[in-house]
Amino acid sequence: MSARVLVVDDIEQNRRLLNDKLRNEYFHVIMAVDGEDAIDKALAEEPDVILMDVMMPKLNGIDACRKLKNDPRTEHIPIVLVTALHEREDRLRGLGAGADDFLTKPVNDLHLLSRVRALTKYKMVADELRKREASGKRMGAVDLAGSGRASDPARILVIDENERQAKRICRYLEGLHQPISHVEANQLGISGSMVDVMIVSLSNEKLDGLRLCAYFRSLESTRDLPILVVAEPDDEKKAVRALDLGASDIVIKPIDSEELLARVKTQVRKKRYLDALRARLDQSMELAVTDQLTGLHNRRYMRVQLESLMKRSNMGGDPVSVLLCDIDHFKKVNDIHGHAAGDDVLREFGRRLRENIRPTDLACRYGGEEFVVIMPDTNQELAQAAGERLRQIIGADPFPINRGDDLKVTMSGGVSTIIAPDDTIDALMKRADDALYRAKSGGRNRIDVETADAF
Ligand SMILES: [Mg+2]
């Protein structure tokens with residue numbers, strides 16, 4: 001699918017010009033006539049990139065940019081400010097307001113297309129992460145606290161063979177950030193995966209900037225690392241090539257210190273936004289497979305694991321056994337000692353299971369006071385012995401409840417083992433459940449195994 005670009009300009013002729021250029025490259029173009037219109041269209045049309053004029057009636061481009069970047073519904077959409085050559089102050093203010101990039105009028109075709117492409121790529125990574133978030137959870141503002149705020153100092157690796165220029169770049173960044181030249185980094189053993197941003201000169205001879213861009217993009221650990229390239233003013237082709245190879249942004253020589261700082265800030269903010277999304281995604285994936293009270297795997301995860309073990313076992317692999325455990329008289333614990341005590345018992349039960357099974361076994365909370373231990377590569381006899389051992393560990397020491405009290409707890413268990421080649425999870429669990437029922441009716445605090453006729 002081609003990217004959707006929102007073009008914002010108060011002058012029709014400018015809009016038409018950008019529209020034609022973008023449509024020629026198969027972008028889908030949406031248009032807005034001022035800042036307010038831009039915000040409405042951004043919310044309604046969810047574009048992938050916004051090209052924003054600065055001087056506009058009603059709401060100007062910089063204020064519109066700030067509003068969009070402060071709204072969790074639109075903060076992830078990259079914005080390119082389109083300014084006149086003499087509007088240097090506007091450019092810096094725009095980057096300060098959260099703009100991701102800028103273009104100068106008259107807009108150069110190559111710059112336009114490379115920037116739109118580079119930003120679209122970033123947006124797609126962010127979209128992918130946002131989409132993968134656990135379903136049903138509404139996407140709110142991304143909390144950057146865990147990954148550092150955009151204003152926190154960034155570690156910046158400067159790769160420039162021209163020593164004087166490398167020193168100058170480091171000097172510009174010092175105070176706000178922690179720059180390090182590649183010579184120093186080499187001596188200290190610091191690699192690309194350990195920094196927040198990389199600045200690469202395209203004038204390098206040995207450390208070819210273009211090759212470095214391609215190389216760092218191809219490595220898993222530096223795939224999303226922002227790379228800022230420093231280009232000669234007369235080497236536009238190389239700069240565009242760098243963007244195509246994955247560079248995040250360009251600084252043209254002579255380097256303007258304020259512009260450099262603003263561009264670094266934008267890159268750091270983007271990286272931290274992606275990091276925060278990733279961290280939250282990891283957390284929500286963990287929530288989806290973990291039982292909150294006991295920290296054991298949940299029933300859903302258990303089924304997924306059992307499914308793949310069963311497939312292997314049914315195809316002639318090693319036997320797999322399950323132990324279905326149930327805490328004896330658990331209802332009484334809740335009735336007599338309260339639900340907080342009930343939770344204490346469940347937590348402690350989960351802890352003892354977890355700490356007394358083999359690393360290859362999986363302990364899961366099956367629901368209520370029922371737990372399941374999956375034992376790969378384990379026949380019925382071994383599984384029964386393991387169940388017996390767990391039963392003794394549960395009954396040996398009383399459980400601490402309600403901060404100070406003790407309670408004697410016992411468990412009953414049923415064991416079943418996969419019978420190749422046509423066993424199913426439901427049949428396996430049913431046999432374990434039948435065995436558990438016999439353990440219960442046989443007096444509790446005991447382990448029973450499935451009987452041959454149960455199958
Ligand atoms: Mg205008």
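Our coupling estimate for the stretch 58-75, obtained by passing each phi through the Karplus curve with A = 6.51, B = -1.76, C = 1.60 and θ = phi - 60°, is 6, 10, 6, x, 6, 5, 5, 4, 4, 4, 5, 6, 9, 9, x, 6, 10, 4 Hz, Gly and Pro reported as x. Here is how the number arises for the chain: DSSP H runs of 4 or more residues each give -39500 (n - 2.57), the sum is divided by the residue count, and the result at 222 nm is -15000 deg cm²/dmol.
Backbone amide hydrogens, once placed in the peptide plane, bring residue 29 within less than 5 Å of 5, excluding anything fewer than 5 places away on its chain. For the chain, the longest principal axis of the C-alpha atoms and the axis of helix 380-396 are separated by about 90°. If the chain linking residue 161 and residue 36 were pulled fully straight, counting 0.36 nm for each residue of separation and taking away their Cα-Cα distance, it would gain 40.3 nm. The calculated FRET efficiency for residue 289 paired with residue 354, based on their beta-carbon distance and R0 = 22 Å, is about 0.90.
To the nearest ten degrees, helix 109-132 and the longest principal axis of the Cα atoms of the chain are 20 degrees apart. Axis of helix 163-173 versus longest Cα principal axis of the chain: the two differ by about 70°, to the nearest ten degrees. Close amide H pairs (under 5 Å, H built 1.01 Å from N) link residue 59 with 35, 36, residues at least 5 positions away or on another chain. Taking every DSSP beta bridge that has both ends in the chain, the antiparallel portion is near 35%.
Between residue 397 and residue 16, what length in nm is gained on full extension when 0.36 nm per residue of separation is reduced by their alpha carbon distance? Working shown, then result.
On the way: separation 381, 0.36 × 381 = 137.16 nm, distance 7.95 nm.
Going from the current span to full extension adds 129.2 nm.
For the stretch 299-454, the calculated P(r), taken from all Cα-Cα distances in 10 Å bins from zero up to the bin holding the longest distance, is 11, 42, 32, 12, 2, 0 percent.
Taking 0.36 nm per intervening residue step and subtracting the Cα-Cα distance, what contour gain separates residue 441 from residue 45 on full extension? If you can, show how the numbers build up before the last one.
Working: separation 396, 0.36 × 396 = 142.56 nm, distance 6.36 nm.
Taking 0.36 nm per residue and subtracting the Cα distance, the gain is 136.2 nm.
Taking 14 Å as the straight-line reach from the Cα of residue 21, the aspartates and glutamates in range (excluding those fewer than 8 positions away in the same chain) are 109. Couplings for the stretch 250-259, taken from phi via the Karplus curve 6.51 cos²θ - 1.76 cosθ + 1.60 with θ = phi - 60°, read 10, 10, 8, 6, x, 6, 8, 4, 5, 5 Hz in order; Gly and Pro are left as x.
Spatial offset of the stretch 11-26 relative to the stretch 233-312 amounts to 32 Å, using the alpha carbon center of each. Computed on the Cα trace of the chain, the radius of gyration divided by the Kirkwood hydrodynamic radius gives Rg/Rh = 1.16. Within the stretch 310-352, whose backbone N sits under 13 Å from a point 7 Å along Cα→Cβ of residue 405? Output list for this probe position: 332-345.
Entry note, the chain: relative contact order of 10 percent, from Cα contacts under 8 Å with a spacing of 6+ residues.
Computed from the coordinates by the stated procedures, all read-outs in this text should not be read as laboratory data. Predicted model only: the values in this text are computed from it and were never measured. Cβ: placed from backbone, ideal geometry, glycine included. Neighbour counts: every protein chain shown.
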